[in-house]
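The values are calculated or read from the model by the stated rules, or taken from the named source; none is laboratory data. In this text, all values refer to a predicted model and were calculated from it rather than measured experimentally. Neighbour counts are summed over all protein chains in view; Cβ atoms, including those assigned to glycine, are modelled from backbone coordinates with ideal geometry.
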Amino acid sequence: MARIRVLTPVGAVRSETLVAPPLPGDLAGRTVGFIDNTKHNFDRLADELGALLRARHGVTAVLRRRKANAAVAAPPELIAELAKACDVVFAGSGD
Amino acid sequence: MAGLPLLVVQHPLGGEPPESVARRAQQALEQLASLLGDPAAAVPTGAIPSAPEAPDLSLPDDPEAVLAEFVARQWCDGLPIIPPTAARVGAMLGGAPPDRALGALPPLWRPATLEKLAVNAVMAGCEPAAFPVLVAAVQAMLDPAFNLYGVQATTHPVAPLVIVHGPVAARIGVHAGSGCFGPGFRANATIGRALRLILMNVGGAWPGRHDMATQGSPAKFAYCIAERVDASPWGPWRAEDAVTVFGGEPPHNVNDHVSTTAAGILATVADTAVSLGSNVGWFLAQSQLLLVLGPEHAATIAADGFTRADVQRHVFEHARLPLRTLKLGGMWGMQDWPAWLSAVRDDDALLPQVPSPDDVFVLVAGGPGKHSAVVPNCTFSRAVSRPLAPPG
């Protein structure tokens with residue numbers, strides 16, 4: 001059978017450079033942050049995790065910030081604030 | 001998020017009782033313990049490919065073999081395709097520069113070059129005359145106001161509705177009459193389908209993987225109409241050759257066989273436009289309603305002296321739900337409302353579902369009959385229009 005050549009419909013792969021520090025060896029004396037994605041129960045989950053991190057990992061401070069709604073990215077000023085104040089930040093994704 | 005350490009929380013989280021949430025927190029903490037201080041969990045730096053390269057292919061010149069290969073590679077929607085040969089893609093481009101990129105399509109942020117748009121347009125069965133419409137639709141979707149990332153990745157069944165305005169609609173055969181949301185018309189079917197293939201193949205939104213729609217909708221196959229200008233008492237919504245993309249739910253039927261007044265028809269419209277299960281209203285600043293009036297309903301409304309602006313204001317004033325109803329479910333507790341709305345305490349207060357009359361769009365489409373449609377948006381994407389221009 002004759003053959004045909006077809007072009008791929010898939011977009012070209014985009015490479016990105018991601019630079020982020022590794023997680024610290026432990027969280028004792030550290031400040032951790034949460035970006036609440038506003039989905040139901042994320043606030044409870046962050047409450048629970050924050051309490052556990054304080055009790056079991058020696059975390060000294062927990063910062064909670066909330067996006068405007070689940071469908072938009074966190075604003076740059078919120079990210080900048082957490083980046084400055086926190087050693088580790090947990091961002092909620094999904095529901 | 002490629003490369004970032006993840007704590008996987010068991011789904012679902014929403015709606016779970018407190019003890020279940022506490023258990024998920026415990027499970028997440030156990031995962032965290034294994035990540036801390038683990039060099040393997042460190043974020044790698046450097047080039048991170050988002051997916052393997054997808055090559056051009058040499059295939060048997062047989063429609064069934066081509067379809068089988070494209071299905072196996074998850075390169076199509078499951079329906080037969082026209083093989084995108086270089087000659088067909090060239091004809092679709094019509095001399096436009098293939099490497100020109102309109103922007104990066106989420107969620108995988110891959111460049112929407114004219115060549116990739118043309119390949120998908122060929123597959124969908126588009127005629128080259130429709131290509132400028134497709135290009136304008138992609139440009140419109142790339143406007144930040146459309147929030148294409150949200151539209152692509154959400155669990156909501158949103159699909160971009162393409163509305164083709166102006167004389168171009170008739171020239172390329174976009175149907176605006178009986179059954180305009182349904183099958184039978186090549187331009188509607190293939191422009192809508194091409195857009196979906198672009199969103200899947202270039203954007204990377206595959207069902208259950210990046211397109212996280214819980215159920216999706218038939219509108220995700222193809223969703224494209226034109227205005228029935230000849231039957232509109234108020235003229236077209238937009239007169240010039242242009243495209244509007246509207247991140248909508250599938251059409252909600254407005255059946256009113258009995259009303260003989262504008263108030264009667266619009267009461268049925270308003271009731272259809274509000275329901276606890278619709279996304280509209282929860283993120284108020286982004287909420288919009290599209291009212292697609294059948295010609296007979298439009299004529300009845302206009303006969304009472306209503307202008308298009310009157311229709312917009314009437315729907316804005318009457319498509320409302322009481323606070324007590326909103327508290328029953330939906331997205332209560334997750335709403336993104338302005339302070340003046342959040343301050344309402346009267347459970348009987350009727351709350352608006354869109355921020356202003358200008359967020360109710362009105363056009364006429366369809367054939368004989370006593371039906372219209374309300375298309376609620378997904379509440380996190382705003383309609384965007386773009387004029388048509390040569391794709392070069």
- Message: Residue pairs, Cβ under 6 Å, 6 or more apart or interchain, first in segment B:342-366 and in a strand (DSSP E or B), second of a type in the set (Asp, Glu). List them.
- Response: B:LEU363/B:GLU227
- Any idea which residue in segment B:171-220 is nearest to B:ASN253 (Cα to Cα), counting only those that are of a type in the set (Phe, Trp, Tyr) and away from chain A (no Cβ under 13 Å)? B:PHE181
- Could you grab the pairs with beta carbons closer than 9 Å, sequence gap of 6+ or different chains, first residue in segment B:109-121 and without any contact (Cβ under 8 Å) to a residue 24 or more places away in the chain and more than 7 Å from chain A (Cβ to nearest Cβ), second one aliphatic (A, V, I, L, M) and surrounded by 24 or more Cβ atoms within 10 Å (Cβ to Cβ)? B:THR113/B:VAL202
- Message: Out of the residues in segment B:77-89 meeting the condition of being free of Cβ contacts under 8 Å to residues at least 12 places away in the same chain and assigned to a helix (DSSP H, G or I), tell me which one is nearest to the other protein chains (Cβ to nearest Cβ).
- Response: B:ALA86
- Just need a number here: residues in segment B:225-254 that are out of contact with any Ser or Thr (no Cβ under 6 Å at 6 or more places or on another chain), under 20 Å from B:VAL280 (Cβ atoms) and outside any loop (DSSP other than H, G, I, E, B). 5
- Here the residues within segment A:36-62 that are of a type in the set (A, V, I, L, M, F, W, C), touching a helix residue (DSSP H, G or I) at 6+ places or on another chain (Cβ under 9 Å) and either at pLDDT 95 or above or farther than 26 Å from B:TRP337 by Cα (or both) are A:LEU49, A:ALA51, A:LEU52, A:LEU53, A:VAL59, A:ALA61, A:VAL62
- Task: Collect the residues in segment A:14-31 that are within 10 Å of chain B (Cβ to nearest Cβ), under 20 Å from A:PRO76 (Cα atoms) and either modelled with pLDDT under 75 or surrounded by 14 or more Cβ atoms within 10 Å (Cβ to Cβ) (or both), keeping them in residue-number order.
- Result: A:GLU16, A:THR17, A:LEU18, A:VAL19, A:ALA20
- Which of the residues belonging to segment B:320-337 are in contact with a helix residue (DSSP H, G or I) (Cβ under 9 Å, 6 or more places away or on another chain) and away from chain A (no Cβ under 11 Å)? B:ARG320
- Query: Can you spot a residue in segment B:309-319 that is farther than 29 Å from B:HIS175 by Cβ, of a type in the set (A, V, I, L, M, F, W, C) and surrounded by 19 or more Cβ atoms within 10 Å (Cβ to Cβ)?
  - Reply: yes
- Item | Filtered residues of segment B:149-195 (kept if without any contact (Cβ under 8 Å) to a residue 24 or more places away in the chain and either in contact with a strand residue (DSSP E or B) (Cβ under 8 Å, 6 or more places away or on another chain) or aromatic (Phe, Trp, Tyr) (or both)) | B:PHE185
- Note on the structure: A careful count of residues in segment A:47-87 that are touching a Ser or Thr at 6+ places or on another chain (Cβ under 9 Å), more than 17 Å from A:ASN37 (Cα to Cα), within 13 Å of chain B (Cβ to nearest Cβ) and not in a loop (DSSP other than H, G, I, E, B) gives 1
